[in-house]
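Below is one structure; the comments refer to it alone.
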Amino acid sequence: MILGIDVGGSGIKGAPVDLVTGALAEQRHREPTPHRSDVARVVATVRRVAEHFGPAERVGVTFPSVVVGGVTKTAANVDRSWIDAPAAELLSAALDRPVTVVNDADAAGIAEMTYGAGRGRRGTVIMLTFGTGIGSAVFLDGRLLPNTELGHLELRGEDAELRASDRAREQHDLGWDKWARRVEEYLRHVESLFQPDLFIIGGGVSKKAEKFFPAIDIRTPMVTAELLNNAGIVGAAIAAHRAAGA
Ligand code: BGC
């Protein structure tokens, strides 16, 4: 059994994953993300989530930052103590078993490419998650180019996620149409850089696709993510499985 844990801005959610079907093998368990999301507090919360379940051989954990060799390198929406933190090492010690750490959008993308909207899709597929920030996962013929961080492309002199994330929609009290204009501008920019064959749109807001999809006019076909809330958990488990060399 492999446990997937998704560290998000508001909650840390986990569940064991059945890697044959991509379904959760048990109901997921959620703990609120500590208000000060520093390394020690988040590690302790991830540990509590893991302890809720029986012993798992391996654990995969998503994190909303660049992750290179198990080290978190950036902290756009989390406490700065995560910059250069040896996350995989710290979590492996706290959970007393091997832990693989992967960028949250990369994990969601891996899950969608394996079991969801991107299954069997070749060519260039870009998954974008719209939430607290904008996360990205870029695939060529099903293989991930990790840590692309397309949410931080510059748009009108600003970090794109500050204009077009779901949090920006809420913070600036934008109506759906106004927000859709910003998302469209952002997608056109990504489209002009990568010429993708498909966009997969994820994050909580993808559940409300009917509110903004019709207002977006771009060249690239665009579909919503299928695994919704569970994409991070499932992708974390797949990443842990792959890291085990299986
Ligand atoms: C972070 C990314 C993350 C995205 C979505 C961005 O601010 O830099 O690493 O994937 O938010 O959570």
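All of the numbers you see were taken from the coordinates with simple rules; none came from a lab. None of these values were measured; they are calculated from a predicted model. Positions of Cβ are generated from backbone atoms using ideal geometry, with glycine treated the same way; all protein chains shown enter the neighbour counts.
Given R₀ = 41 Å, FRET efficiency for E51-E170 by Cβ-Cβ distance, to 0.05?
0.80
To check you understand DSSP bridge types, tell me what percent of the beta bridges within segment 120-225 (both residues inside) are antiparallel, rounded to 5.
The answer is about 60 percent antiparallel.
Sorted by packing (mean other beta-carbon atoms within 10 Å per residue), highest first, where do 163-169, 182-188 land?
Packing proxy ranking, top to bottom: 163-169, 182-188.
For the chain, take the longest principal axis of its alpha carbons; what is the angle in degrees between that and the long axis of helix 231-243, to the nearest 10 within 0 to 90?
60 degrees
Starting from the Cα of K208, move 7 Å in the Cα-to-Cβ direction to define the label point; list residues of segment 177-199 whose amide nitrogen is under 12 Å from there.
Label zone hits: 177-180.
Cα-Cα pairs above 19 Å in segment 120-225: how many percent?
Tail of the P(r) past 19 Å holds 36 percent of the pairs.
How long are the three semi-axes of the equivalent ellipsoid of the chain, in whole Å, if each is the root of 5 times an eigenvalue of the C-alpha gyration tensor, listed from largest down?
Working through the eigenvalues yields semi-axes of 29, 20, 16 Å.
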